[in-house]
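Structure first, then comments.
The values are calculated or read from the model by the stated rules, or taken from the named source; none is laboratory data. Owing to the predicted nature of the structure, the values given are computational and were not obtained by experimental measurement. Glycine gets a Cβ as well: all are built from the backbone with ideal geometry, and neighbour counts include every protein chain shown.
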């Protein structure tokens, strides 16, 4: 099999990994799922252009903005939410300028391995309940998918070793179809095949009728509710880029630079707001795929982005992906999110941290306890501070205040 064909199949695997979460956000907020796919694809391409095509990430719908977008859509409409999302993108751009002004070395001094390692672990471990919840609907399907992924990853020596997630999802889908046919999944089938039959082949008529994209409106109240969330997700962006770099084995803070990744994320979010999609963020699901496959070529993520754009315009294909059973994605997520936590352990191990020093024990302990034990804290009705943000903040402060030789 040629490298070109392999790249296209690997891109499809990344598409499957990001799909569920990306369409879930618009489903919860009242935005258009197909538009979310479109803006995820376009946003990913924008990010790759801004970062010199060096960082293998996929940008999808951000969960951090759900509460604020829900409230704005309910009270002011989708166009006002779009204006708020565009403003959030501009906040990222401003933060990018500040990072460029301060310098990457000063930023890096706040994030040594004793801080980044446990933060990466928190990212993976806080996602683990989501995977368990998805799998708990039908554990036998989820475990089957998990076993398929493990067997292919460990024992296959050929091309299949590169696409274990894709094989796992396909195997789980086929198993579910069989179980549905035998009526072993309950009275209601897990796969709604009628939705595939009813879906339009293409969404072009929706675009022509003005039902697909919407024009933004600028409401100061909506902007004040949505835009400040970018300050919170700034810290999460640092954690995601740190994780991605740890998986790939490169320092993306230095090249292409944290200011460029922030700028790429901000412009991608701004573009999403223009078209009517949710705010974008780098996806841990795709970083998990990188960790499993060990194929880090950013071109593959751009292929996945093009797939997402095409998929947003092809109603039948979108309907097929939307019918992937939740337990199937749960089985895949069990391994993907665990991989992210394992990368955090690897970061600590490779840094050869000495845990006979109380300083290191205290910093890691604080990050883990705060990150895993403290949930989202509501500052206002719509503005929340995540446990990950607090954990990173506590770790940074402890690292700066505690003396080195204790």
Residue among 167, 119, 150 that alone is assigned to a helix (DSSP H, G or I), within 23 Å of the chain's Cα centre (by Cα), without any contact (Cβ under 8 Å) to a residue 24 or more places away in the chain and under 20 Å from residue 286 (Cβ atoms): 167
Hey, residue 348 closer than 24 Å to residue 123 by Cβ, assigned to a helix (DSSP H, G or I), touching a residue at least 60 places away in the same chain (Cβ under 8 Å) and over 19 Å from the mean Cα position of the chain (by Cα) or not: yes
In segment 275-296, residue modelled with the lowest pLDDT [restricted to those that are under 17 Å from the mean Cα position of the chain (by Cα) and not in a helix (DSSP H, G or I)]: 283
Output for segment 98-113, where each listed residue is under 24 Å from residue 346 (Cα atoms), modelled with pLDDT of 80 or more, assigned to a helix (DSSP H, G or I) and under 24 Å from the mean Cα position of the chain (by Cα): 113
Checklist (1) within 25 Å of residue 388 (Cβ to Cβ); (2) over 18 Å from the mean Cα position of the chain (by Cα) applied to residue 336, failing item: (2)
Residue within segment 75-82 that is more than 16 Å from residue 302 (Cα to Cα), crowded, with 24+ Cβ neighbours inside 10 Å and in contact (Cβ under 8 Å) with a residue 40 or more places away in the chain present: yes
Filtered residues of segment 170-195 (kept if farther than 30 Å from residue 150 by Cα and either in contact (Cβ under 8 Å) with a residue 24 or more places away in the chain or part of a loop (DSSP other than H, G, I, E, B) (or both)): 187, 195
Subset of segment 359-389 (residues that are in a helix (DSSP H, G or I) and at pLDDT below 85): 387, 388, 389
Residues within segment 252-274 that are in a helix (DSSP H, G or I) and farther than 20 Å from residue 219 by Cβ, tallied: 16
Conditions (1) outside any loop (DSSP other than H, G, I, E, B); (2) farther than 21 Å from residue 322 by Cβ; (3) touching a helix residue (DSSP H, G or I) at 6+ places or on another chain (Cβ under 9 Å): number failed by residue 53: (1)
Scope segment 56-81; condition closer than 28 Å to residue 257 by Cα and either in contact with a helix residue (DSSP H, G or I) (Cβ under 6 Å, 6 or more places away or on another chain) or at pLDDT 95 or above (or both); matching residues: 56, 57, 58, 59, 60, 61, 64, 65
Residue list for segment 217-256, restricted to those being buried (at least 19 other Cβ atoms within 10 Å of the Cβ), modelled with pLDDT of 90 or more and over 19 Å from the mean Cα position of the chain (by Cα): none
Only listed residue being buried (at least 24 other Cβ atoms within 10 Å of the Cβ) and under 20 Å from residue 25 (Cα atoms), chosen from 332, 326: 332
